[in-house]
Amino acid sequence: MSQPKPTSEKSPYYDIAEKYGVEVVFRPFIKVESVSAKEFRQQKVSVLDHTAIVFTSRHAIDHFFHLCTELRVTIPETMKYFCITESIALYIQKYVQYRKRKIFFGNTGKFDDLLPAIVKHKSEKYLVPMSDVHNDDIKNLLDKSKIQHHEVVMYRTVSNDFAADEAFDYDMLVFFSPAGVTSLQKNFPNFEQGNIQIASFGSTTAQAIRDAGLRLDLEAPSVQAPSMTAALDLFLKENNKA
């Protein structure tokens with residue numbers, strides 16, 4: 001599984017491992033890292049010129065506060081935070097004291113649902129920390145609502161390289177993003193698939209696998225299997241019959 005190990009021992013992946021007698025190894029092919037202070041400064045955006053921050057992920061929160069610490073920027077207590085979900089809003093407690101009067105969040109995980117709260121605070125100047133790979137959906141929605149804002153790249157997705165002596169002996173590789181496929185090609189430029197099964201979650205990941213000239217053996221989600229665990233369950237059930 002090309003993603004981090006679940007935080008809970010109750011993960012359905014462990015149920016599948018026990019049910020079919022297989023070993024599930026969690027080995028991320030990619031990792032997220034902060035841009036350097038120099039790269040941030042080159043964007044010519046000052047954090048303290050803004051009165052509100054928009055967070056769309058925990059990664060955004062971690063790397064925002066990491067960069068602020070590195071740049072020795074002290075965030076004023078008056079700063080407001082607008083988060084795409086309540087769980088992301090609660091995660092801010094890792095860095096600042098949670099006060100309902102300055103933390104707002106949406107309910108659906110879609111930016112459209114958070115936008116009304118932002119519009120209610122139209123006089124604020126918003127900063128939106130983003131990944132190096134992003135689209136302009138948020139920018140366009142904020143522009144349309146005439147909200148003062150700046151998007152700034154604070155983190156990036158990079159290959160989580162394999163060590164020279166690290167074992168690579170798997171019967172199936174499961175990818176969740178095109179970046180994971182790129183990492184496979186970077187780490188193993190002469191990779192030959194052979195009998196190794198490859199699974200993907202999401203249409204863009206599936207396309208990346210095909211574009212890499214690899215054979216896609218399991219694709220999710222589907223009508224029968226809306227999650228990767230459900231897809232693996234069906235796949236292993238069929239293979240056990242064989």
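Structure values in brief
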item: Residue (of Ala17, Leu67, Ser46) at the positive-pole extreme of the range 10-76, dipole from beta-carbon charges; result: Ser46
item: Cut-off under 5 Å, modelled amide H: who pairs with Phe175 long-range; result: Ala199, Ser200, Phe201
item: Full-stretch length increase - Thr7, Asn107 - with 0.36 nm per residue and alpha-carbon distance subtracted; result: 33.7 nm
item: Nonlocal amide H pairs with Phe104, under 5 Å, H built at 1.01 Å; result: Tyr81, Phe82, Cys83
item: Acute angle (nearest 10 degrees) that the helix 58-70 long axis makes with the longest principal axis of the chain, alpha-carbon atoms; result: 60
item: Helix 111-120 axis, angle to the chain major axis (alpha carbon atoms, nearest 10°); result: 10
item: Net length gained if the chain between Lys94 and Ser203 were fully extended (0.36 nm per residue, minus Cα distance); result: 35.8 nm
item: Whole-Å distance, taken between Cα centres, linking the range 140-207 and the range 15-83; result: 17
item: Backbone HN-Hα couplings from phi across the range 39-49 [Karplus 6.51/-1.76/1.60, Hz, Gly and Pro as x]; result: 5, 5, 4, 5, 7, 6, 10, 9, 4, 6, 7
item: Straight-distance crosslink candidates among lysines, where the alpha carbon sits under 30 Å from Lys94 and sequence neighbours closer than 8 are dropped; result: Lys5, Lys10, Lys31, Lys38, Lys44, Lys80, Lys102, Lys110, Lys120, Lys122, Lys125, Lys139
item: Ranked packing of 81-88, 127-134, 65-72, most packed first, by mean Cβ within 10 Å; result: 81-88, 127-134, 65-72
item: Rounded tilt (10° steps) of 178-187 against the dominant C-alpha axis of the chain; result: 60
item: Lys/Arg +1, Asp/Glu -1 at C-beta; the range 33-157 dipole; positive extreme among Tyr95, Gly106, His121; result: His121
item: For the range 33-157: Kirkwood Rh in Å [reciprocal of mean 1/r, alpha carbons]; result: 14.5
item: Normalised alpha carbon radius of gyration of the chain [divisor 2.2 N^0.38 Å]; result: 1.18
item: Amide proton proximity set for Ser227, modelled H, under 5 Å, gap of 5+; result: Ser222
item: Förster-model FRET efficiency, 22 Å R0, Val25 and Asp165, C-beta, rounded to 0.05; result: 0.85
item: Integer Hz, Karplus 6.51/-1.76/1.60 couplings in order for the range 16-21, x for Gly and Pro; result: 5, 4, 6, 5, 10, x
item: Cα centre as origin, Lys/Arg/Asp/Glu Cβ charges: the chain dipole, Debye; result: 1340
item: P(r) histogram, all alpha-carbon pairs of the range 25-102 included - 10 Å bins from 0, percent; result: 15, 48, 28, 7, 1
item: Helix-derived mean residue ellipticity, 222 nm - over the chain, DSSP H n ≥ 4, -39500 (n - 2.57), to 500; result: -10000 deg cm²/dmol
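Coordinate-derived values only; no laboratory data. These numbers were taken from a predicted model, which means no experiment stands behind them. All Cβ positions, even for glycine, are placed from backbone atoms using ideal geometry, and neighbour counts span all protein chains on display.
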